[in-house]
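Asker: Questions regarding the structure given below will be posed in turn.
The values are calculated or read from the model by the stated rules, or taken from the named source; none is laboratory data. Computed from a prediction, not measured in an experiment: that's the story for all the values here. Cβ placement follows ideal geometry from the backbone for every residue including glycine, while neighbour counts extend to all protein chains displayed. When the accessible area is computed, the model is the full protein with side chains, heavy atoms only, and any ligands, DNA or RNA have been set aside. Shrake-Rupley method; radii C 1.70, N 1.55, O 1.52, S 1.80 Å.
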Amino acid sequence: MLLPLQCYICHPKNMRPLIFALFVSIFQLASAQTQLDSLSAILKNHPENDTVKVNLLNELSYQYRWIDFANSQQYAEQALAIAQLLNYNKGIAVANYRIGHCYWALGDNELAIEKGMETVAIAERENFKSILAEGFQIIARGYMDQRETKKAEENILKAEKIALQIKNWDLLSRVYNLAGVIQFVKRDKDTALQLYTKALSIVEEHPTSKAHLSQITSNIGECYLEKNPDMAFTYFKSALLISTSPKSRNKSAEAAISSIMGHALIRTGSYKEAEYYLRKSLRLSRALGLKRSIRHAYSGLVNLKIREGKSTEALDYFKKYYDVHDSILNVAKTRQIVEMETRYELEKKEQNIKLLQQETEIREMQRNLLIVGFILFGALSVLLYYLQEYREKKNRQILNLEIDNLTNQHKEVSEKYKNALAISVPVDSVEQRLFKKAIEVVENNLSNPLFGVEQMAKELGMSRTSMHRKIKTITGFPPSELIRNIRLRKAAHLLLHQADSVSQIGFKVGFEDHSYFSKSFKKQFGVTPSEYLQSQEQQN
């Protein structure tokens, strides 16, 4: 039986944090919806693409951070695009860590880490202290979910040092809360509880955002779950009350806490109540696209149905659990493709405009040359010959671009990257040697399916951050995309030369699963390996 709320409050030791949590859930100073409406109205009446608009978009991304991650990411990406055009470094850095937060929330830890590193690179260069700490925190979140706790601890300690230095209490409370989660993952619950209590004290004693108060409260409850379930459930219910408050509006926390309560209720044998909370978590998580929370809810439902002896339902939830697991692996790549396609379309439009301008200039030149008439007929003939050659060369370039578009259907294979692999890299000799070495390292490890960014950095003798910055400068995108493109381009080359069967070629370039290889190949080139081979033969 759960401990009644009034009985728990009677304990003096537990009175202060719980009363404060309940007070905040009822008496927030400002309405989140009013803030959103006000910012949206200002943005609507501000058409200029300037730094003011960048700041408005980043603030809207911040306001949506626990309500709707899709909207939060969309606003941050708009801010990033404008800030890059303006060379507004602060706007770029803020947008990067906002996007990184969304990547992390949606389960794309690799992309979250990369965005965090981009934030850190700018913030260190420009001495943006608070933004630098936010970048370290995003990196720590990504590593924590990848179970690389040592790296997570290193980054969260950097964030803590900066937050203490600049006395940013809101940031410091979030840092302590995340540091507690890292210790909880390491099964050091005593240290975790101390850090959660620090976070709660800061929220009580200093003016901070209360959006993460429900998470802190729920985390404290998890620390008590084994030794004092009644106290744990009291904290869980308090956290759920805070998260569902109309003025708090932390839907992500509500989904996570509901799932945690469902798992905890299974342990007490309260199966009906457990199923209610698990289904509630599943509904909220689906609406927000929170794949980790969806998986957590499904795992609870599997456990519940096994205990109830309903094996058919348990198997169905088990399959859904692994469907979500597979989608987590693929969603980052899918999003990268969409982003690259969008960028490619913009580049293609710009190229078309330039080509039209060039054609107009050429026609003007022709008209001017015709005025000279018979006097310069000989010289004109020679000039027209070279002019025609120039136009044919341009037409061939356009044709090649269209063929690439039809065969690849993957807009991230930009002209810059093709030139870098096929011709030369217009950089100094040191960077050229690094790029060649990077390609050599990847090609030497093509058959190793576990080869990734960490191994690449080790073989190059560089830190991951340094390598990421160098490769991004040379190629235009991060090392993970370089590795993937080299693998798939090598696969295409082997297919054209009929070096082996499709399955064997997949193994040779580091894909253990034939189905995954086929899907990845189709995402990159728009066709399956067999269809790709047939299309190339028809063109030849």
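Asker: Once you have a ≥ b ≥ c as the square roots of the Cα gyration tensor eigenvalues for the range 151-239, tell me rounded if a/c is under 1.5, and otherwise prolate or oblate according to whether a/b is larger than b/c.
Answerer: oblate
Asker: With the full set of protein chains in place, find how many percent of the accessible area of the range 53-109 is carbon and sulfur; take the probe as 1.4 Å.
Answerer: 47 percent
Asker: Which of the listed residues, Tyr532, Thr475, His497, is farthest toward the dipole's positive end in the range 462-540, when Lys, Arg count +1 and Asp, Glu count -1 at the beta-carbon?
Answerer: About the Cα centre, the residue reaching furthest to the positive side is Thr475.
Asker: What accessible area per residue comes out for the range 227-275, rounded to a whole number of Å², with a 1.4 Å probe?
Answerer: Accessible area per residue, the range 227-275: 38 Å².
Asker: Still on this model: Do me a favour and compute the ellipsoid semi-axes for the range 253-307 from its Cα gyration tensor, root of five times each eigenvalue, largest one first, whole Å.
Answerer: For the range 253-307, the semi-axes come out at 18, 10, 8 Å.
Asker: Which of the lysines could a cross-linker bridge to Lys354, judged by Cα under 27 Å and excluding same-chain residues fewer than eight apart?
Answerer: The reachable lysines, counting only those whose Cα sits under 27 Å from Lys354, are Lys393, Lys394, Lys411, Lys416, Lys418, Lys472.
Asker: Taking the alpha-carbon centroid of each part, what is the distance from the range 263-288 to the range 467-540 in angstrom?
Answerer: Centre-to-centre (Cα) distance: 42 Å.
Asker: Right, another one. Would you list the P(r) distribution for the range 83-211, with all Cα-Cα distances sorted into 10 Å bins from 0 and each bin expressed as a whole %?
Answerer: Histogram of Cα-Cα distances, whole percents per bin: 15, 43, 35, 7, 1.
Asker: Give me the percent of the accessible area of the range 194-321 that comes from carbon and sulfur atoms, probe 1.4 Å, all protein chains in place.
Answerer: 51 percent
Asker: Now for a different question. Label Asn49 and Thr197 with points 7 Å out from Cα along Cα→Cβ: what is the distance between them in nm?
Answerer: Roughly 5.3 nm, to one decimal.
Asker: A follow-up question, please. Label the range 216-305 by shape, choosing from rounded, prolate and oblate, from the square roots a ≥ b ≥ c of the eigenvalues of the Cα gyration tensor; if a/c is under 1.5 it is rounded, and otherwise prolate applies when a/b is larger than b/c, oblate when it is not.
Answerer: oblate
Asker: For the range 476-537, with all protein chains present and a 1.4 Å probe, just round the carbon and sulfur fraction of the accessible area to a whole percent.
Answerer: Summing carbon and sulfur atoms, their accessible area is 50 percent of the total for the range 476-537.
Asker: Rank Asn109, Tyr97, Tyr62 by how far each Cα sits towards the positive end of the charge dipole of the range 39-112 (+1 on Lys, Arg Cβ; -1 on Asp, Glu Cβ) and give me just the farthest.
Answerer: Sorting the options by dipole projection puts first Tyr62.
Asker: Give the distance, in whole Å, between the Cα centre of the range 107-184 and the Cα centre of the range 84-100.
Answerer: If you average the Cα positions of each part, the centres end up 17 Å apart.
Asker: Here is a follow-up. For the range 34-108, which GluC sites (Glu not before Pro) pass both filters: DSSP loop (anything but H, G, I, E, B) and at most 13 other C-beta atoms within 10 Å?
Answerer: Of the GluC sites (Glu not before Pro), the ones in loops of the range 34-108 whose Cβ has at most 13 other Cβ atoms within 10 Å are Glu48.
Asker: Next question, about the same structure. First check a/c for the range 468-524, with a ≥ b ≥ c the square roots of the eigenvalues of its C-alpha gyration tensor; if it is under 1.5, answer rounded, and if not, answer prolate when a/b is larger than b/c or oblate otherwise.
Answerer: Cα axes put the range 468-524 in the prolate bin.
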